Protein chains: 4
Amino acid sequence: MLDVLKRHVWEANQSLPKHGLVTFTWGNASGIDRENNLVAIKPSGLDYDEMHVEDIVVVTLDGELVEGKLNPSSDLETHLVLYRTFPDIQGIVHTHSRWATSWAQAGMSLPPFGTTHADYFYGEVPCTRKMTPEEINGAYEKETGHVIAETFRLQDPLETPAVLVHGHAPFTWGRSPKEAVYHAVVLEEVAQMAAHTIGLNANAERISQQLLDRHYLRKHGKHAYYGQERGDTKG
Amino acid sequence: MLDVLKRHVWEANQSLPKHGLVTFTWGNASGIDRENNLVAIKPSGLDYDEMHVEDIVVVTLDGELVEGKLNPSSDLETHLVLYRTFPDIQGIVHTHSRWATSWAQAGMSLPPFGTTHADYFYGEVPCTRKMTPEEINGAYEKETGHVIAETFRLQDPLETPAVLVHGHAPFTWGRSPKEAVYHAVVLEEVAQMAAHTIGLNANAERISQQLLDRHYLRKHGKHAYYGQERGDTKG
Amino acid sequence: MLDVLKRHVWEANQSLPKHGLVTFTWGNASGIDRENNLVAIKPSGLDYDEMHVEDIVVVTLDGELVEGKLNPSSDLETHLVLYRTFPDIQGIVHTHSRWATSWAQAGMSLPPFGTTHADYFYGEVPCTRKMTPEEINGAYEKETGHVIAETFRLQDPLETPAVLVHGHAPFTWGRSPKEAVYHAVVLEEVAQMAAHTIGLNANAERISQQLLDRHYLRKHGKHAYYGQERGDTKG
Amino acid sequence: MLDVLKRHVWEANQSLPKHGLVTFTWGNASGIDRENNLVAIKPSGLDYDEMHVEDIVVVTLDGELVEGKLNPSSDLETHLVLYRTFPDIQGIVHTHSRWATSWAQAGMSLPPFGTTHADYFYGEVPCTRKMTPEEINGAYEKETGHVIAETFRLQDPLETPAVLVHGHAPFTWGRSPKEAVYHAVVLEEVAQMAAHTIGLNANAERISQQLLDRHYLRKHGKHAYYGQERGDTKG
């Protein structure tokens, strides 16, 4: 069981540089075994091409070390808050991918300008509020998780499996580490196209609710009709 | 006959990621056998590197399945409307390529700012009107085809073998699946350059009618003198 | 002799896609043997990876065919005018590279914003005036050459070995086909950086005459001290 | 000893094109042996793929040749001033990387818009003042070093290991040639994201002092907790 989780998490981490989402070690993927409440995550500061499956660190949902010789990602506490708060997610990815990070730095939520966005994110990808000095000086990584959780108080995290942390960078998630990577790729792509869209037309309009619904529901939920299986979320 | 069509459609689909036009499965190419009115198209949601020639789905011009075990692209109905409306086209490509999609999201037609554009598109590449809630909630993919057809009521689709669907993405076409791919590449290239052009000069002027004519007719029609054969449309 | 020229021209053409300067067949390089007044140029519309040395077409300085079974580039007449007008150049390159073409489409000369520009171009890279309907409808390619020549009436073409043809695309040249390619790469690079520069600061200033002189003369002329040989223009 | 230094400098130079930081020969890396006050640097104008370890030039801290048959980089004197002025640095990199150079051409310091910046640069990356005609016409490369030194009079060069030279391009440094390369990559990345940030939001705010402190100190100094070793500066 744990070996499978570690392998999936290792594969998810390996795919981040392949998709051009990370420079050096600036990104991490994790996964959770919901039955045993065990979380597997990238070790901190390790190069992707020097990382082996056995380097993946396993901790409990409270962050106690279960397996691994290396320090876990310094963002571990953010991942743990998200797993505790969003019971349906099973994989998380954090990157500093260029365009999504630029939106986060601009402090702007990412509007749904087109069907590419609507195919995966049901509405805008929110940018969190700024963190307070107390949150930053306190348990910073845990508070980052809390601010994300706060942002999703009224929003289903699986309908919008991504967030922009203000002045920082994106987190994405999904039903598996692989799906979290998938969403990280989509986010970067739509973040880039949205930037070009407002570059071309500062008054570009969001797509209509009807078109948003149509495209989102074409790929998600019981009436989905995209792909080879019903409910196929892969795209 | 059908095997050749399927192979050409498979090759056209394979070339989409090679040209950097698609992320994941976000694009599809089709072709038509005009003698037998059979359309071959990519299966829905399949990765390009897992797709074999035998996976290509064949349907009649009305969409009835002729050959194939997989679901056809969910955009099939759009392709079929275009084949029924534009009798001279024999290949269609749909992508979410970045720059063309950004223009579609901005709701703007692509003006002919230079000779690169004029070499392949005789005038601006139009952006469709927004679709109505009724069209979106109805037979959406078919209505997408109708809105494209409406856009070309007064325009020759082979003189401007591309369209931007408002809030969505581009479709291109040609006398073969390969030519439709070619036009998808050209469209993305001129969409990028046009964005940079207005970024540099918000009042950039379209090229003159004389220059548009000269470049378009240098490559097309009976007086063409580009390439190794007269009437060579390849570029 | 002719074999060497043809090989150099073939190599220059092959290097265009390697440097990311051309899409499909949208570019051509030529070279001249000044002793015998013979010009070698890419055949029209041929894919770079299907082109062999023996496909290179050789013509006289007046355009009469000397060697080759294929049609020469449709831009041949522009090249010939430049060889006849600028006696010191021995290689010419034409591309539709993205950023240089965007400046040409914007109808703007490329200002020297930094030392990268000054290292190779002694002052702004000029954009030609618009061509008249008569020039466009007449001997278009030859007139393109004349408009470039007119632009350089008061400017040394080897001090600024590049031009932007209004609404069209760049031409570059040099003391060999290889050097013309080199200048095409530099032009694209500085065109991109200049666009970003004015994107960051609409009032960005050109570099001072002193800095322009210092950098240009560091690499060119008898007091050059860059590289391993005096007068080394390679960079 | 010298062989190790030369190998490290050679490797640093080789990694510049691999990271996409240089076109042709437009960049150079150096390193210093602080015990013997010997500086190793790239030879001038040599292609990276034709450069061997034995081509690396070694000079004293005053620029006297110790080893090597080729001319050293024409930017040698700038490197030497920096080594003499900043006693803790042991590697320097100069490139004309696109985005950092565009900020330098815009004459703008690079503000810390996000945590990616704060992870490596403790505050804005300064742009130098313009150099005077006297400095440009005099010992230009040495004066470039003096202007950089002047810019860091009140700033710790290891806390902000990068500078933008006005109208020219960036220099970065670090505790080794490899770390200087690392900082050149980071600089280019944050320069690109900062440009996109102000493109999205002309009024984008710098990150707060608290967030800057938190991220910088997470990776640097005795309380660092990123990576596998305390004080790990690699990222």
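At-a-glance table
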{"quantity": "Scan of region A:143-160 for residues that are of a type in the set (S, T, N, Q) and within 14 Å of chain D (Cβ to nearest Cβ), ordered by number", "calculated": "A:144"}
{"quantity": "Of all residues making up region C:111-156, the number that are farther than 15 Å from residue C:100 by Cβ, touching a helix residue (DSSP H, G or I) at 6+ places or on another chain (Cβ under 8 Å) and not hydrophobic (A, V, I, L, M, F, W, C)", "calculated": "16"}
{"quantity": "Yes/no for residue A:179 being within 14 Å of chain B (Cβ to nearest Cβ), assigned to a helix (DSSP H, G or I) and of a type outside the set (Phe, Trp, Tyr)", "calculated": "yes"}
{"quantity": "Residue satisfying all of: in region C:104-114; surrounded by fewer than 24 Cβ atoms within 10 Å (Cβ to Cβ) and either within 17 Å of residue C:193 (Cβ to Cβ) or modelled with pLDDT under 95 (or both); nearest to the chain's Cα centre (by Cα) among these", "calculated": "C:109"}
{"quantity": "Residues of region C:104-117 classified as in a helix (DSSP H, G or I) and more than 7 Å from every other protein chain (Cβ to nearest Cβ), total", "calculated": "1"}
{"quantity": "Candidates B:149, B:104 - the one that is of a type in the set (Gly, Ala, Ser) and over 30 Å from residue A:191 (Cβ atoms)", "calculated": "B:149"}
{"quantity": "Hey, residue C:163 in contact with a helix residue (DSSP H, G or I) (Cβ under 8 Å, 6 or more places away or on another chain), more than 7 Å from every other protein chain (Cβ to nearest Cβ), part of a helix (DSSP H, G or I) and within 29 Å of residue C:40 (Cβ to Cβ) or not", "calculated": "no"}
{"quantity": "Residue match in region D:94-115 (condition: on the phi > 0 side of the Ramachandran plot and of a type outside the set (Ser, Thr, Tyr))", "calculated": "yes"}
{"quantity": "Odd one out for residue A:89 among (1) touching a Phe, Trp or Tyr at 6+ places or on another chain (Cβ under 8 Å); (2) outside any strand (DSSP E or B); (3) β-branched (Val, Ile, Thr); (4) farther than 20 Å from residue A:187 by Cβ", "calculated": "(4)"}
{"quantity": "Region D:209-224, residues that are under 25 Å from the mean Cα position of the chain (by Cα) and within 7 Å of another protein chain (Cβ to nearest Cβ)", "calculated": "D:211, D:214, D:218"}
{"quantity": "Sole residue being surrounded by fewer than 18 Cβ atoms within 10 Å (Cβ to Cβ) and either within 12 Å of chain C (Cβ to nearest Cβ) or without any contact (Cβ under 8 Å) to a residue 24 or more places away in the chain (or both), chosen from D:60, D:85, D:95, D:101", "calculated": "D:60"}
{"quantity": "Single residue of region C:1-26 satisfying the filter (among the small types (Gly, Ala, Ser) and buried (at least 19 other Cβ atoms within 10 Å of the Cβ)) that is farthest from the other protein chains (Cβ to nearest Cβ)", "calculated": "C:12"}
{"quantity": "Residues of region D:151-160 satisfying the condition of being hydroxyl-bearing (Ser, Thr, Tyr) and part of a loop (DSSP other than H, G, I, E, B)", "calculated": "D:160"}
{"quantity": "Which numbered condition residue A:99 fails, given (1) modelled with pLDDT of 95 or more; (2) more than 30 Å from residue B:100 (Cα to Cα)", "calculated": "(2)"}
{"quantity": "Residues within region C:65-82 that are away from every other protein chain (no Cβ under 14 Å) and either aliphatic (A, V, I, L, M) or more than 13 Å from the chain's Cα centre (by Cα) (or both), tallied", "calculated": "6"}
{"quantity": "Residue that is within 20 Å of residue B:139 (Cα to Cα) and either in contact with a Cys (Cβ under 7 Å, 6 or more places away or on another chain) or modelled with pLDDT of 95 or more (or both), where the choices are B:70, B:61, B:38", "calculated": "B:61"}
{"quantity": "Pairs, first part of a helix (DSSP H, G or I) in region C:126-140, second hydrophobic (A, V, I, L, M, F, W, C), C-beta under 6 Å, six or more apart", "calculated": "C:136/B:211"}
{"quantity": "Considering residues of region A:187-197 that are facing another protein chain (nearest Cβ under 7 Å) and in contact (Cβ under 8 Å) with a residue 40 or more places away in the chain only, the residue farthest from the chain's Cα centre (by Cα)", "calculated": "A:197"}
{"quantity": "Residue A:148 vs. criteria among the aliphatic types (A, V, I, L, M), in contact (Cβ under 8 Å) with a residue 40 or more places away in the chain, outside any helix (DSSP H, G or I) and surrounded by 20 or more Cβ atoms within 10 Å (Cβ to Cβ)", "calculated": "no"}
{"quantity": "Residue within region D:133-142 that is more than 9 Å from chain A (Cβ to nearest Cβ) and either under 19 Å from residue A:24 (Cβ atoms) or within 14 Å of the chain's Cα centre (by Cα) (or both) present", "calculated": "no"}
{"quantity": "Flag if residue C:29 is farther than 12 Å from residue C:177 by Cβ and surrounded by 23 or more Cβ atoms within 10 Å (Cβ to Cβ)", "calculated": "no"}
{"quantity": "Residues of region A:198-208 satisfying the condition of being part of a loop (DSSP other than H, G, I, E, B) and over 24 Å from the mean Cα position of the chain (by Cα)", "calculated": "A:201, A:202, A:203, A:204, A:205, A:208"}
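The values are calculated or read from the model by the stated rules, or taken from the named source; none is laboratory data. Bear in mind that the values here come from a model prediction, so they are computed numbers and not experimental data. For neighbour counting, all protein chains shown are included, and Cβ atoms are generated from backbone atoms with ideal geometry for every residue, glycine included.
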